[in-house]
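The numbers here are math on the coordinates, done by the rules we state, and not lab data. Keep in mind it's a predicted model, so treat the numbers as computed, not measured. Using ideal geometry, Cβ is built from the backbone for each residue, glycine included, and neighbour counts are taken over all protein chains shown.
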Amino acid sequence: MPGVLAGAEIFSDVIAIYTPDNQIQDIKMYGADSNFVHVFKLDFIQKKSDNPLLDIHSSVISESAAKRLFVLPMHWVNGIK
C-alpha cells in the first residue's frame, strides 16, 4: 500500500502465566511479530535489547502483570531505570 512504512501481525488469547512463586489465571494475552516494536512506541521498565520480540519464545508483559508476578525494585516502579 502506498504510504505504509511498516505493519505488524497481532493476535490475542486467554492464558495462565506463572513464576515459581506466583501465578495469574485467565490473563488476556496479545501476541505480535517482531515488527510490533517498530510500529508502536513502547516504554519498558527493563529490557535486554532494542527489540525484545526477536526470538519465538520472547515476551513482553505489562507493568501491572510484572508487579503481580515479581517483586520489582522501587526505582523500576517509579520509572527510574
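Quick look at the numbers
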{"read-out": "Residue (of Pro20, Gly7, Phe36) at the positive-pole extreme of the chain, dipole from beta-carbon charges", "value": "Pro20"}
{"read-out": "Length gained when the stretch Glu63-Ile10 is fully extended (0.36 nm per residue, less Cα-Cα span)", "value": "17.1 nm"}
{"read-out": "Tail beyond 15 Å, pair distance distribution of the chain (Cα, percent)", "value": "66 percent"}
